[in-house]
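Remarks on the structure that follows.
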Amino acid sequence: MIPGSFAYHRPTSVKEAVGLLAQWGDDGRVLAGGHSLIPMMKLRRAMPAHLVDLAGSTELKGIRVEGNDVAIGAMVTQHELVGSELLSGKVPLLRETSLQVADPQVRYVGTIGGNVANGDPGNDMPAVMMCLGATYHVIGQGGERRIAARDFYQGAYFTALETGNVLTAVRIPMPPAGHGYAYEKLKRKIGDYATAAAAVVLTLSGGKVATCSIGLTNVAETPLWAEEAAKILVGSSLDAATVKKAVAAAEAITAPASDARGPAQYRTKMAGVMLARALERAKARASG
Ligand SMILES: Cc1cc2nc3c(=O)[nH]c(=O)nc-3n(C[C@H](O)[C@H](O)[C@H](O)COP(=O)(O)OP(=O)(O)OC[C@H]3O[C@@H](n4cnc5c(N)ncnc54)[C@H](O)[C@@H]3O)c2cc1C
């Protein structure tokens, strides 16, 4: 329950952080809110010799509109996501999801960057970012890369981040005005990770689905983008028969672990139930 010894560094810029990380290779690790990393260090599942705290890099803060996108600095906390009027207006799915992450104490320090970079399939933001078509900005000694959230997750705790990389921002294309959205999460108690969860963003035109995107949380080694399920729904009025087909398509791509949250088969079914509920709420919220 006590972490191994490590050196603590607090650079004041991203450039300095990248320079420090480059010195230590796999012995260095980025520290953001610490609410995933420190518990792992206490369990000795992570034993970095050097922690590079990003809290001194003010350039990683801020939420702003850039063209048709919203850009969120990696060190913006989940609490700040909840309180952002800009996000409530432009990407309300983020507020709805943030309110279901952990509890207020965790949200005060846990960051958007840490949540998406962590690679834990239980984190809520990654599937939401896939659903929204977000892009991650990543910087390292080799320069800057932009990686689509849909290409970022490769396995449990295994992402497209390379040694010494810092994720600097998340960029989200703003969904059109009048879109419908919902994040439905089944959890055992307040503050728990999802047994299964589903994110939906859709638009309607003349009562039919014009566009639809679906993300699923904690029902595979990575977050899932349920592309086929969404395609089934496009052109439909979200009638019961079509929703049933889409739910079956979404369930078919899941491969959850059997664990304390329930057997795999149950968690797959719950992903389907969360999706059906999210579709219903998204439809009710959409105009057009
Ligand atoms: C009791 C409890 C309940 C929780 N429940 C939930 C929940 O329901 N849903 C949920 O989604 N999360 C949950 N969490 C996790 C919480 O949201 C974490 O804060 C979050 O997963 C990680 O964010 P962080 O800022 O704390 O990152 P840290 O813990 O500091 O870092 C996590 C990992 O990401 C890396 N990292 C962090 N920032 C960057 C960056 N900018 N660039 C590159 N790498 C980076 C770190 O090196 C580390 O490997 C819970 C945590 C606790 C303690």
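The values are calculated or read from the model by the stated rules, or taken from the named source; none is laboratory data. These numbers were taken from a predicted model, which means no experiment stands behind them. Ideal geometry is used to build each Cβ from the backbone, glycine not excepted, and the neighbour counts take in all protein chains shown. Just so you know, the surface numbers come from the protein's heavy atoms only, side chains and all, with ligands and any DNA or RNA stripped out. Shrake-Rupley method; radii C 1.70, N 1.55, O 1.52, S 1.80 Å.
Taking every residue in region 27-54 that is on the phi > 0 side of the Ramachandran plot and pairing it with any residue that is crowded, with 19+ Cβ neighbours inside 10 Å, at least 6 positions away or on another chain, the pairs with Cβ-Cβ distances below 9 Å are 34/41; 34/51; 34/110; 34/114. Residues in region 183-199: is at least one touching a residue at least 40 places away in the same chain (Cβ under 8 Å) and either part of a helix (DSSP H, G or I) or more than 16 Å from the ligand (Cβ to nearest atom) (or both)? Checked against the condition, which is being touching a residue at least 40 places away in the same chain (Cβ under 8 Å) and either part of a helix (DSSP H, G or I) or more than 16 Å from the ligand (Cβ to nearest atom) (or both), region 183-199 yields no hits at all.
If you go through region 173-220 and keep only what is within 30 Å of residue 28 (Cα to Cα) and either among the charged types (D, E, K, R) or touching an Asp or Glu at 6+ places or on another chain (Cβ under 6 Å) (or both), you end up with 191, 192, 217.
For residue 88, the conditions (1) of a type in the set (S, T, N, Q); (2) within 21 Å of residue 175 (Cα to Cα); (3) buried (at least 18 other Cβ atoms within 10 Å of the Cβ) are fulfilled apart from (3).
State the number of residues belonging to region 148-163 that are farther than 23 Å from residue 278 by Cβ and open to solvent by 20 Å² or more (accessible area, probe 1.4 Å). Looking only at that region, the number is 8. Is one or more of the residues making up region 269-287 more than 30 Å from residue 176 (Cα to Cα) and open to solvent by less than 50 Å² (accessible area, probe 1.4 Å)? Scanning region 269-287 turns up no residue that is more than 30 Å from residue 176 (Cα to Cα) and open to solvent by less than 50 Å² (accessible area, probe 1.4 Å).
Checked against the criterion of being buried (at least 20 other Cβ atoms within 10 Å of the Cβ), farther than 30 Å from residue 192 by Cβ and of a type in the set (Ser, Thr, Tyr), the candidates 13, 57, 98, 36 yield just one match: 57. Could you tell me whether any residue of region 222-233 is open to solvent by 30 Å² or more (accessible area, probe 1.4 Å), touching a Pro at 6+ places or on another chain (Cβ under 9 Å), in a loop (DSSP other than H, G, I, E, B) and closer than 30 Å to residue 103 by Cα? Looking through region 222-233, none of the residues is open to solvent by 30 Å² or more (accessible area, probe 1.4 Å), touching a Pro at 6+ places or on another chain (Cβ under 9 Å), in a loop (DSSP other than H, G, I, E, B) and closer than 30 Å to residue 103 by Cα. Taking the conditions (1) open to solvent by less than 30 Å² (accessible area, probe 1.4 Å); (2) within 11 Å of the ligand (Cβ to nearest atom) in turn, residue 247 satisfies each one other than (2).
Kindly state which helices (runs of 4 or more DSSP H) lie completely within region 25-125 and contain at least 3 residues that are among the small types (Gly, Ala, Ser) and near the ligand (Cβ under 7 Å from one of its atoms). It would help to see each step written out before you state the result.
Values: elements: 37-42, 78-83, 85-90, 92-98, 104-109, 112-117.
In region 25-125, 112-117 are the helices (runs of 4 or more DSSP H) which contain 3 or more residues that are among the small types (Gly, Ala, Ser) and near the ligand (Cβ under 7 Å from one of its atoms).
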